[in-house]
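Note sheet for the following structure.
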Amino acid sequence: MSEALWTSAEIVDATGGRATAAFSVTGVSIDSRNLKPGDLFIALQDVRDGHDFVAAAFAAGASAALVSRPIEGGANIIVPDVLQGLSDLARAARERASGCYRVAVTGSVGKTSVKDMIATIFKAQGRAHWSEKSFNNQWGVPLTLARMPRDTEFAVFEVGMSTPGEIAPRSELIAPHTAMVTKIAPAHLEGLGNLQAVAEEKAQIYSGLVASGVAVVPADDTFADLLAERAGQHQPSATKLTFGHGTQCDSRVLDYQTDGVKSSVSLCLRDQSLEVDLPAVGAHWADNVGAAMLACTAGTNIDPVQAAEALATYRLPTGRGTAETLMLAGGGRATLVDDAYNANPESMRAALAAFSMRPTSGRRILALGEMLEVGAHSDAEHLALAGPIVASGADLVFLTGRGFGSLKDRLPDHILTVFAERADDLDNEIKSVLQDGDLFMLKGSNASGMARLAGRLIDWGQSKRDQTIKGSGVPAVGDLNAL
């Protein structure tokens, strides 16, 4: 039987709630659909009221539920406010794991990748804990903390935002020993208005730093000085360290090489030369490596050489540039680069540059979904992608969403451009055009539908593989194949 993560007495002590029965739990969940037997179900109020799913959680094997009103079917911890109760449990988890070294990561781009890299390094060193997926919002941060075992030695948390005032309370809840900003870029401008405001909000990651903690700053960023200044204001005893390409950086990228499948980064980490191999493509990954290596080693006893070796085992999460082989209906195969998790102008340019580095014997095909939350400059930011698209070597481009409405007629004639209002309208067009040897990349904002499109195409490619194995027939190919 799994060791108890929480007992009812501990939860009562942490939240001030009332338990209707004694129990223990082995996990914490907010979703009755993927809850594991033995979990504590948190009945959060979001788009829907979590109390409506408590019965389903009990049926799935939940040991108890954190609720604001009694629900029959299992043990309850009743609190006035469920989100506050979750935050109280998170704070108790942090306090009881007193020997845990905590890192908090935010930024306009790269924060999930850097968080996952840090987690890879920490896992190789001891008992580690980290944010699942991109659990970085008002419930994701406290949920990650509440799930943290009491014997955790290293933990890394991703912190996100979309409006002002969101990062500080999350940083203060984590109370990190090291806090980092990866980069300031045009993202969430609808909620913040301009890049200066984005930088000010991201700088709040330093507000929770413990005394004598480490503030990591992106030296090459336009707002590096502002971030460093804010770090000193939030925690005057903090040590400020930098990563980037300049000679004064504490973590300095010396060189980046790629064969289009994997990469090698030469790094100088506080006067120590290191080589880091990574199964990822794109020069922006070198910055991620420099940031992760600095964050892991700055305030710990982790050996940089061991950290570099651990990064060689890093694996890209779904939608972050993973390459998938698609078996095609007419025989042969194409390579799908799934970078569809999210997009803003900075990450879109980085992805297009990385796409140009990948080798292919066929055509280069793009499917780009609009970038959302870019604010008043949305049209200009989408139009500005014309140059990077051309530089990527694209032969055919599928564009979707209103943001790309102006760009569809601005690309040069040698690039065949297909526009659709919705990503859901592109399935058949894309399936009909793919040929043996093609290299095909998808990217777009979360709400653009590109991630769903990528998933459907991967499933389709798998079904074609199965049909090939079974010797089934081959359907006709569409007119776009003449390109």
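Just so you know, all these numbers are worked out from the coordinates, no wet-lab data involved. Note that the structure is predicted; figures quoted are calculated from it, not measured. Here the Cβ is made from the backbone with ideal geometry for all residues, glycine too, and neighbour counts use every protein chain on show.
Arrange the following residues from fewest to most other Cβ atoms within 10 Å of their Cβ: Asp88, Asp220. Show your work: numbers first, answer last.
Numbers: Asp88 21, Asp220 14.
Lowest count first: Asp220, Asp88.
What net charge do the residues around Phe440 carry, taking every other residue with its C-beta under 9 Å from that of Phe440, with Lys and Arg at +1 and Asp and Glu at -1?
+1
Short version: ³J(HN,Hα) in whole Hz for each residue of the range 371-381, in order, from phi by Karplus 6.51 cos²θ - 1.76 cosθ + 1.60 (θ = phi - 60°), x for Gly and Pro, what are they?
So the J values, rounded to whole Hz, are 8, 9, 6, 8, x, 5, 9, 4, 4, 5, 5.
Put +1 on the Cβ of each Lys and Arg and -1 on the Cβ of each Asp and Glu in the range 294-352; which of Thr300, Ala310, Val337 then has its Cα farthest toward the positive end of the dipole?
Comparing the listed Cα positions along the dipole, Val337 ranks first.
I need the per residue convex hull volume for the range 322-482, using only the alpha carbons, in cubic angstrom as a whole number.
Convex hull volume per residue, Cα atoms: 98 Å³.
When the Cα centres of the range 413-445 and the range 19-74 are compared, how far apart do they sit, in Å?
Each part reduced to its Cα centre gives a spacing of 43 Å.
Starting from the amide H of Lys183, placed 1.01 Å from N in the peptide plane, find each other amide H under 5 Å away whose residue is 5 or more places distant or on another chain.
So Lys183 has HN proximity to Ser108, Val109.
Do any trypsin sites (Lys or Arg not before Pro) in the range 346-419 lie in a DSSP loop with no more than 13 other beta carbon atoms within 10 Å, and if so, which?
Sites meeting the loop and neighbour criteria: Arg410.
In debye, nearest 20: dipole of the range 97-311 around its Cα centre with unit charges on the Cβ of K, R (+) and D, E (-)?
Details: 16 positive and 23 negative charges, 111 e Å.
It works out to roughly 540 debye.
Just how large is the dipole of the chain about the Cα centre, in debye to the nearest 20, putting +1 at every Lys and Arg Cβ and -1 at every Asp and Glu Cβ?
Here the size comes out at about 660 debye.
Counting every Cα pair in the range 6-139, what percent are over 17 Å apart?
It works out to 62 percent of all Cα pairs.
If you restrict to DSSP beta bridges whose two residues both lie in the chain, what percentage is antiparallel, to the nearest 5? Write down the numbers at each step before the final one.
Numbers: 25 of 76 bridges.
Bridges in the chain are about 35 percent antiparallel.
Taking H placed 1.01 Å from N in the peptide plane, check which residues at least 5 places from Val217 or on another chain put their amide H under 5 Å from its amide H.
Long-range HN contacts for Val217: Leu241, Thr242, Phe243.
Return the sequence-ordered ³J(HN,Hα) values of the range 261-270 in whole Hz as given by the Karplus equation 6.51 cos²θ - 1.76 cosθ + 1.60 applied to θ = phi - 60°, using x for Gly and Pro.
Result, ordered by residue: 10, 9, 9, 10, 10, 8, 9, 10, 9, 6 Hz.
Can you give me the long-range amide H partners of Ser263? Hydrogens built in the peptide plane at 1.01 Å from N, cutoff under 5 Å, separation of 5 or more residues or another chain.
Leu278, Ala280
Could you order peptides 421-434, 63-76 by the average number of other Cβ atoms within 10 Å of their residues, highest first? Write out the running numbers ahead of the final one.
Values: 421-434: 17.4, 63-76: 19.4.
By packing density, highest mean first, the sequence is 63-76, 421-434.
Can you tell me the order of 249-260, 96-107 when each peptide is scored by its average per-residue count of other Cβ atoms within 10 angstrom, highest first?
Numbers: 249-260: 17.8, 96-107: 22.5.
Ranking, from highest mean packing down: 96-107, 249-260.
I'd like the Karplus ³J(HN,Hα) series for the range 156-165: coefficients 6.51, -1.76, 1.60, θ = phi - 60°, whole numbers in Hz, and an x wherever there's a Gly or Pro.
Result, ordered by residue: 9, 10, 8, 10, x, 6, 9, 9, x, x Hz.
Gain in length, Ala9 to Arg270, computed as 0.36 nm per residue apart minus the alpha-carbon separation, to one decimal in nm? Spell out each step's value before the answer.
Details: separation 261, 0.36 × 261 = 93.96 nm, distance 4.66 nm.
Result: 89.3 nm gained on full extension.
Add -39500 (n - 2.57) for each DSSP H run of 4 or more in the chain, then divide by its residues: what number comes out at 222 nm, to the nearest 500 deg cm²/dmol?
-9500 deg cm²/dmol
Any idea what the relative contact order of the chain is, in percent, if you count C-alpha pairs under 8 Å spaced at least 6 apart?
Answer for the chain is 10 percent.
Within the set of other residues whose C-beta is less than 15 Å from the C-beta of Leu226, count the net charge using Lys and Arg as +1 and Asp and Glu as -1.
Residues close to Leu226 contribute a combined charge of -2.
Taking other Cβ within 10 Å of each residue's Cβ, how do His284, His377, His382 sort, fewest first?
Fewest to most other Cβ atoms nearby, the residues stand as His377, His284, His382.
Net charge near Asp379: determine it from the other residues with C-beta under 15 Å of the C-beta of Asp379, scoring Lys and Arg +1 and Asp and Glu -1.
Taking every other residue near Asp379 into account, the sum is -2.
For a 30 Å ceiling on Cα separation, which of these pairs sit above it: Lys202/Lys431; Lys36/Lys183; Lys123/Lys240; Lys115/Lys431; Lys111/Lys431; Lys36/Lys240?
In this structure, Lys202/Lys431; Lys36/Lys183; Lys115/Lys431; Lys111/Lys431; Lys36/Lys240 lie more than 30 Å apart at Cα.
Just how far, in whole angstrom, is the range 277-331 from the range 120-147 if you go by their alpha carbon centroids?
18
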